[in-house]
1. Considering only the range 145-202, state which residues are among the hydroxyl-bearing types (S, T, Y) and touching a residue at least 60 places away in the same chain (Cβ under 8 Å).
2. Examine the range 202-218 for a residue that is assigned to a loop (DSSP other than H, G, I, E, B) and of a type in the set (A, V, I, L, M, F, W, C), and state whether such a residue exists.
3. Between a residue in the range 98-115 that is among the aromatic types (F, W, Y) and any residue that is open to solvent by 10 Å² or more (accessible area, probe 1.4 Å), which pairs come within a Cβ distance under 7 Å, given they are 6 or more apart or on different chains?
4. Pairs please, first residue from the range 52-66 and on the phi > 0 side of the Ramachandran plot, second anywhere and open to solvent by 70 Å² or more (accessible area, probe 1.4 Å), Cβ atoms under 6 Å, 6+ apart in sequence or on different chains.
5. Only one of L167, L224, L241, L250 is aliphatic (A, V, I, L, M), touching a Lys or Arg at 6+ places or on another chain (Cβ under 7 Å) and either surrounded by 22 or more Cβ atoms within 10 Å (Cβ to Cβ) or at negative phi (or both). Can you tell me which?
6. Does Q149 satisfy the criteria of being outside any helix (DSSP H, G or I), buried (at least 20 other Cβ atoms within 10 Å of the Cβ), touching a helix residue (DSSP H, G or I) at 6+ places or on another chain (Cβ under 7 Å) and modelled with pLDDT under 95?
7. Run A170 past the list (1) at pLDDT below 95; (2) touching a Cys at 6+ places or on another chain (Cβ under 7 Å) and report the number of the one that doesn't hold.
Amino acid sequence: MRSTAIRRTAVAATAVSLALFATACGGSDSDSGDKGKGDKGKESAAAAPAAKALSAAELEKAALAQGDVKGHKISKAAAKDTIAVADIKVEKKVCAPLANALMGAQVGEPGAFTKRTVVSEPKKGDLAKQDSGDAEEAFKAAFDITTTQLALGSYDGKGAQESVASLRTAATECAGGFEFTAAGEKQKAVKITEEQVKGGEEAAAWAVQLEQGGEKVVFKLVALRQGASFASFSSMNMAMLAGEVKDFDLPTAVVEAQAAKLA
């Protein structure tokens with residue numbers, strides 16, 4: 001896909017991945033915090049009680065950090081890889097929360113906001129394939145890496161509940177597809193399919209297929225609420241982008257770890 005907005009994520013993932021491959025045989029990081037809380041059931045924005053919002057400093061402390069998720073590299077999102085809400089234009093207003101979350105931008109109006117880039121490490125079996133003499137297998141293994149843009153915000157009142165609700169509404173109302181512009185590049189969401197996920201007090205997930213110039217790529221999007229905090233996880237897989245795999249899993253370990261830190 002030729003989109004600058006989407007390629008921006010891919011380029012960032014490639015840079016991190018290349019550095020990752022150079023040290024992949026050196027072992028993995030601590031697995032502390034990689035198990036989250038189970039789903040406590042879906043609550044509506046109207047029914048759930050308001051929780052205390054986190055300050056900017058508290059939110060930074062609660063956000064995922066390197067070592068929190070086994071088998072993943074975590075870093076603060078670089079400014080050059082960030083797309084602001086002002087740079088995202090959506091033809092249907094109801095679809096805006098979904099477009100914003102897909103691009104890793106904030107949903108609603110958080111009082112504090114931060115972002116992380118999370119990149120999965122190659123699995124042991126994939127590392128072996130990289131060392132094999134089969135160039136095709138080595139290429140596929142090298143790029144079978146999922147990059148997740150984690151956007152985390154803390155909200156006053158029921159802003160976090162409303163953010164989850166707005167994404168649920170967008171996924172339903174815009175299921176037939178919608179167009180938007182991100183960082184000056186036109187995008188079209190052609191298919192939205194609900195997926196199953198657990199975590200925090202509320203969680204929902206979707207597979208969103210984007211198309212541009214006849215090329216298609218699937219993003220996995222997760223919405224998570226814990227108290228007055230809301231997180232969106234927008235994930236893409238490099239091997240899928242290269243046409244080497246047809247599907248990839250939700251970043252469940254990342255979602256669970258973030259839910260645990262917010263609890």
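1. T146, T147, T148, S154, Y155, S163, S166, T169, T181
2. No, every residue in the range 202-218 fails to be assigned to a loop (DSSP other than H, G, I, E, B) and of a type in the set (A, V, I, L, M, F, W, C).
3. Pairs that qualify, where the first residue is among the aromatic types (F, W, Y) and the partner is open to solvent by 10 Å² or more (accessible area, probe 1.4 Å), are F113/Q106.
4. none
5. L250
6. When the stated conditions are applied, Q149 does not pass them.
7. (1)
Results for (1) part of a loop (DSSP other than H, G, I, E, B); (2) out of contact with any Phe, Trp or Tyr (no Cβ under 9 Å at 6 or more places or on another chain), shown as yes or no for each residue.
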{"residue": "D156", "(1), (2)": "yes, yes"}
{"residue": "A160", "(1), (2)": "no, no"}
{"residue": "V164", "(1), (2)": "no, no"}
{"residue": "R168", "(1), (2)": "no, yes"}
{"residue": "A171", "(1), (2)": "no, no"}
{"residue": "K188", "(1), (2)": "no, no"}
{"residue": "K191", "(1), (2)": "no, yes"}
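The values are calculated or read from the model by the stated rules, or taken from the named source; none is laboratory data. Keep in mind that this is a model prediction, so the values were computed, not measured. Positions of Cβ are backbone-derived with ideal geometry, glycine not excepted, and every protein chain shown enters the neighbour counts. Accessible surface is based on the protein model in full, side chains and every heavy atom, while ligands, DNA and RNA are left aside. Shrake-Rupley method; radii C 1.70, N 1.55, O 1.52, S 1.80 Å.
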